[in-house]
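The values are calculated or read from the model by the stated rules, or taken from the named source; none is laboratory data. These numbers come from a predicted model, not from an experiment. Note that we place each Cβ from the backbone using ideal geometry, even for glycine, and neighbour counts take in every protein chain shown. Heavy atoms of the whole protein, side chains included, go into the accessibility calculation; ligands, DNA and RNA do not. Shrake-Rupley method; radii C 1.70, N 1.55, O 1.52, S 1.80 Å.
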Amino acid sequence: MTTPTIDRETAAETIKSKRSRRAAKIAEAAGAGWKLLLFKVVALGIIDALALYAALVLFQSEQLIPAILLLAITGIANWVYFSRGNLPAKYLIPGLIFLLVFQIFVAGYTAYIAFTNYGTGHNSSKESAVNALMLSAQERVPDSPAYDVTIVEQLGEFSFLVTDPDGEIELGGVERPLQPVDNAEIEDGKAVSVPGYNTLRFADVVANQNVIAEMAVPLSDDPNDGALRTPDGSRAYVYLSNLEYDEAAGTMTDTRTGTVYTDIGTGAFTAPNGAELRPGWQINVGFDNFVRAFTEESIRAPFLAVLVWTFVFAFLSVFTCFALGLFLAIVFNDPRMKSKKYYRVIMILPYAFPGFLSALVWAGMMNQEFGFLNVVLFGGADIPWLTNEWLAKFSIILVNLWLGFPYMFLICTGALQSIPDDVQEAARVDGASAWQIFRNIKLPLLFVAVAPLLIASFAYNFNNFSLIYMLTGGGPRDVAADVNVGATDILITMVYKVAFVGSTADYGLASAFSIIIFLLVATISVIAFRRTKALEELN
Amino acid sequence: MSTLQPGAPAARNLLDRVAADDADLDTATGHDAGGVRGEAPLPRRRFKRYFRETGWRHLVGIVITVFALFPLLYIVSASLNPGGTLLTANALFSNVSMESYVDLFRSSTHPYGAWFVNTLVIGLVTAAGTVILGALAAYSFSRMRFTGRRFGLTTLLVVQMFPQMLAMVAIFLLMVQISDIFPAIGLNTQIGLIMVYLGGALGVNTYLMYGFFNTVPSSIDEAAKIDGAGHARIFFTIILRLVAPILAVVGLLSFIGTSSEFVIASIILIDPDKQTLAVGLYKFISDEFSKNWSLFAAGAVLAAILPVALFLALQRYIVGGLTAGSVK
């Protein structure tokens, strides 16, 4: 595709003497006027200011690595734009930054998540899981002394200003254990305010009653010491957890039943009988998710069914659309045929209509009770278009045909017209029949042109999320399966459902499926493209 | 992501041919038709011959027209049926009124107006960003020779094999973490969604543009360089104008793609007020499927008008060969 002149001339340019390079520099300086320089300074100034602010916020929330990365990237950008050379970098950096964060990083992050047990019940560190467990099992100590408490607020976050029975004054919040303060203002032996914090008025306490009642302020760093909670916003009592955490042994003991839950490396405290305490925490599980996908019975069966259907669907959708598109292209590609243009415009309409809407419209027409197909076209029949396993699959192929044949029609028409007429004429002179010409000459030539597009179309349909999700929602559902899948789910809708639909989410398993999809599509594409030598176009 | 299937660069060439062919054929068919008329004396035989040659083709055309148009007519009819359900929509065009279109903007639980505006804003900003980022990258790949150029092009080809959709979980978790620190660009923000979309701005777009940039002769740049123009001036004032058709194509493709994107938008945008048409309409119809059918139909028709119109316009843009006349 490249015009060869560019290569030759740039090559010549590098040989040229220093003088021409200097001339180029002068021309550059003259060309980029002061307006451009001003724009550059202002734009970079704004970006630098934002980056600096963001880095400070990141440092404050103890996100050291992102903060350093941010500063490094900003530094590189400044260097690139203020230095003389680095021309390619000047043009590439803006796009590359987005590509790095939202394409390459997230791809890597997907791989990382695939090796963890991240998901419902496993979404934080062990430390916060321990705290959450202790809090959830808290009960008021029967003979707890009453602590006088004043609710104070700073930057929208509530804290307890506590005067304990001995008269000592302490301040603490949900994740900040009580710490003594010495400059509090005291009224009637009760601390009522402290500098830097706003004391909540009674009305505010009432307005935030639920939040305040839910707060548990740890007495010390050791979660076993218990926490303070206040039912009314003025008096707090000590609450102790029914669970006892032994950090050294890594065990949780339920003081009521005496059951010992141990950290056995599965990301949750587990009792000898296998019962787990929730929440657990996030751990690295190695290839577990992949192994589960292929071995755990309740996942394997639906997964393999989905895998097979994904391939069948992608293949059939390419095949049916291509067959119909090619047929129409041949029918309409006749010089004697009038008003082809109008047919073409009509056929483009389904292709132009947004895909997700088409699927929803068809879902309406195929509704079993009220849909147009059953009520009008089949005279009140009761055909379960979308709720019977096989009919649902058929419906998907049919709707996809409606969506996809115009594209194939367009590319086939283009490819047919690019086949030179003299090839046909020569064949006709040699006595070949119309069918022979088509079968042995036109079709092979056509395939050369459209094969890469067919592969791309296959890869596209492999992940044709909106068609499946909007038309059948993946249903009818497979009730026996452990994961939320149905008969028409393809891999990508399965990923979505495992991660985002329903009450539990298994991000680790969903990411593992994502990685599997990527490997499949990439392998197929590479092999197929190698075959068609489409990569040769890269210069 | 969109209704458009990939493989765009090659498709562009093919589409060019289709469009160019349209013009040629009109004249050609005129001649042929005249010839046929002169040859056939008997009307019966003429019809037989006509049918064998082109008539049956029209028959196929009519069948395919019905297949292609019917769902569209159905939804337009349903949208004109005020207060209609899925069942009443079956009586096509029995009741014509614009009431559903008005009601659409009145519903408080389903802020259609907000969805429409959101879709337009997100689509336009993403399209503009994609065009700018893609054009910058394509310019450097097309006009400059630097170490890592070939590697860069190959990497783009490989990276786009991992569609963003596959990384939905990672994108969601990343956005959750961003929200903890910068709520303004994290989960449930449109800026966040646009940033995610711009992550895919390079990739296939750069390829499309790269091919087109290569067709602009470099003698134009050189002439400008001799006249004292810097690289920035050459890029912004000369090249960008010459490649305007491909910029329009990429912008429109990106707009159409983003405005019907569902997966990532549904994960990132949580509040109904912030959602796009794809997410909002899906939730709307999956809540009460058959009851509000005419309302949904009106929403669908309005949502489709812009992409369909853009698409038909896009065909014309593709044909435009602006570069041909630029070198004197």
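Some points to look at:
- With viscosity 1.306 mPa s and temperature 10 °C, the Kirkwood radius over alpha carbon pairs of region A:263-364 converts through Stokes-Einstein to a diffusion coefficient of 82 µm²/s.
- At the residue level, residue A:298 shows approximately 40 square angstrom of accessible surface with a 1.4 angstrom probe and all protein chains present.
- For region A:158-219, the fraction of alpha-carbon pairs in successive 5 Å shells from zero, as %: 4, 18, 27, 26, 20, 6, 0
- Split the accessible area of region A:421-475 by element, probe 1.4 Å, and carbon with sulfur accounts for 58%.
- Chain A: relative contact order as a whole-number percent, Cα under 8 Å and 6+ apart: 14 percent
- Remark: mean inter-chain Cβ contacts per residue of B:196-203 equal 6, using a 10 Å Cβ-Cβ cutoff to other protein chain atoms.
- Prolate/oblate/rounded label for chain A (Cα gyration tensor, a/c 1.5): oblate
- Counting only Cβ charges, +1 for Lys and Arg and -1 for Asp and Glu, the dipole size of region A:376-476 around its Cα centre is about 120 debye.
- Taking chymotrypsin sites (Phe, Trp or Tyr not before Pro) as exposed when DSSP calls them loop and at most 16 other C-beta atoms lie within 10 angstrom, chain A has its longest site-free stretch at A:1-286.
- Computed from the Cβ-Cβ distance with R0 of 41 Å, the FRET efficiency linking residue A:259 to residue A:500 stands at 0.75.
- Cα gyration tensor shape for region A:475-519, rounded if a/c is under 1.5, else prolate or oblate: oblate
- Test item: Cα-centred dipole of chain A, Lys/Arg +1 and Asp/Glu -1 on Cβ, debye: 4700 debye
- At R0 = 51 Å, FRET efficiency that the Cβ-Cβ distance of residue B:93 and residue A:166 yields, to 0.05: 0.05
- Calculated FRET value between residue B:219 and residue A:39, using beta carbons and R₀ = 25 Å, to 0.05: 0.30
- Shielding value for B:59-72 is 6, the average number of Cβ atoms from other chains within 10 Å of each residue's Cβ.
- Taken residue by residue and averaged, Cβ atoms of other chains lying within 10 Å of the Cβ of B:136-149 number 5.
- Shape call, region B:36-179: gyration tensor on alpha carbons, a/c limit 1.5: oblate
- Where only DSSP H runs of four or more residues are counted, the protein assembly as shown gives -19000 deg cm²/dmol as its mean residue ellipticity at 222 nm, each run worth -39500 (n - 2.57).
- Accessible heavy-atom area order of A:181, A:483, highest first, probe of 1.4 Å: A:181, A:483
- Interface area, chains B and A: about 10900 Å² of buried accessible surface, summed, with a 1.4 Å probe and ligands, DNA and RNA left out.
- Charge context of residue A:384, other residues only, Cβ under 13 angstrom, K/R +1, D/E -1: -2
- A 1.4 Å probe run over region B:167-294, with the rest of the protein chains in place, finds 31 Å² accessible per residue.
- At least 20 Å along the helix axis (C-alpha) and Kyte average at least 0.0, DSSP helices within chain A: A:34-60, A:64-82, A:297-332, A:389-418, A:443-462, A:507-532
- Across the cross-link table entries A:340/B:48; A:340/A:393; A:126/A:497, which are compared at the Cα atoms, the separations over 24 Å belong to A:340/A:393; A:126/A:497.
- Of the residues A:466, A:291, B:207, the one whose Cα sits farthest toward the positive end of the charge dipole of the protein assembly as shown, with +1 on the Cβ of Lys and Arg and -1 on the Cβ of Asp and Glu, is B:207.
- Per residue accessible area of region A:409-539, 1.4 Å probe, in Å²: 42 Å²
- Burial of accessible area (probe 1.4 Å, heavy atoms of protein chains only) in region A:91-107, relative to its chain alone, reaches at least 50 Å² for A:91, A:92, A:98, A:99, A:102, A:103, A:106.
- Relative contact order [Cα under 8 Å, 6+ residues apart], region B:168-307, whole percent: 26 percent
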